[in-house]
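The values are calculated or read from the model by the stated rules, or taken from the named source; none is laboratory data. Keep in mind it's a predicted model, so treat the numbers as computed, not measured. So basically every Cβ, Gly included, is an ideal-geometry build from the backbone, and we count neighbours across all protein chains shown. Surface areas here come from the heavy atoms of the whole protein model, side chains and all, with no ligands, DNA or RNA. Shrake-Rupley method; radii C 1.70, N 1.55, O 1.52, S 1.80 Å.
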Amino acid sequence: MSRDLTVAMAAAIAAADTRPILLLEAVFTSGTVRHWTGLGDLSWNGYTWTGLGDLIGHTPVDETDELKAQGITITVKGISAGDVSTALQELRNGAAGSIRLALLDSSGAIIADPKIIFRGRLDLGEIDDSNPDQPVITLGYEHELIDLERPREWRYTDQHQQQLYPGDTGLSRIADLQDRELVWGRR
């Protein structure tokens, strides 16, 4: 993972007085929510990140030599009933989410350029409210590489061409060609 680190991040990892944290960013229908694995509010990149402490967890982020899409599961526990209601209304499959590894210096400020360790799209959101005192939201994200496995339903038709390039007439006669008999060579 060190291949993409900035000089400041690489130096901070070697220092003794830094503390690693995770920054979670998830898109919902009403907007983007930002949380971090500490307590209180944290300002970074023009946004306020709300601390959830150890109430947020995730499955390990695996990095391999193979080009394959591996998902991740993020779990948020200890939320209010209002948050459960909001989550029920706002979870949307395909919404973006990411996790960054950041380092805090001794004064509690984020060291430049946290590293994105996972970026993907929401595949499955589940809410377990079997214990009303401790509801749990589980968000399953697919890695963005999963899009390479999805079939592309795009055709060479005038309708699709108009969606991409309104007013382009390059494919306007395709429908006329399907029943036309073409003679190749000499008669």
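Numerical summary
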{"read-out": "Using alpha-carbon coordinates, inclination of helix 81-90 to the longest axis of the chain, degrees", "value": "20"}
{"read-out": "Whole-Hz ³J(HN,Hα) from phi, Karplus 6.51 cos²θ - 1.76 cosθ + 1.60, for region 120-133, glycine and proline x", "value": "x, 10, 5, 9, 8, x, 10, 10, 10, 10, 5, 10, x, 7"}
{"read-out": "Where the chain is the region considered: accessible area per residue in Å², 1.4 Å probe", "value": "68"}
{"read-out": "³J(HN,Hα), Karplus 6.51/-1.76/1.60, whole Hz, each residue of region 159-175, x for Gly, Pro", "value": "4, 5, 5, 5, 5, 7, 9, x, x, 6, 9, x, 10, 5, 9, 4, 4"}
{"read-out": "Exposed chymotrypsin sites (Phe, Trp or Tyr not before Pro) absent - longest run of the chain, DSSP non-H/G/I/E/B, at most 15 other C-beta within 10 Å", "value": "1-153"}
{"read-out": "Summed residue charge, Cβ within 11 Å of N93's Cβ, Lys/Arg positive, Asp/Glu negative", "value": "0"}
{"read-out": "Residues with amide H under 5 Å from that of G51, placed H, sequence gap 5 or more", "value": "W36, G40, D41, L42"}
{"read-out": "Qualifying GluC sites (Glu not before Pro) in region 104-187, DSSP loop, other Cβ atoms within 10 Å at most 12", "value": "E153, E181"}
{"read-out": "Global form of region 90-139, assessed from the alpha-carbon gyration tensor, a/c cut-off 1.5", "value": "oblate"}
{"read-out": "Taking the convex hull of Cα positions in region 87-187, its mean projected area over all directions (nm²)", "value": "14.9"}
{"read-out": "H35 accessible area, assembled protein chains, probe 1.4 Å, Å²", "value": "40"}
{"read-out": "For region 70-111: rounded, prolate or oblate by the Cα gyration tensor [a/c cutoff 1.5]", "value": "oblate"}
{"read-out": "Global geometry of the chain, whether rounded, prolate or oblate, following the gyration tensor of its Cα atoms and the 1.5 cut on a/c", "value": "prolate"}
{"read-out": "Accessible surface of I99 - all protein chains present, 1.4 Å probe, nearest 10 Å²", "value": "10"}
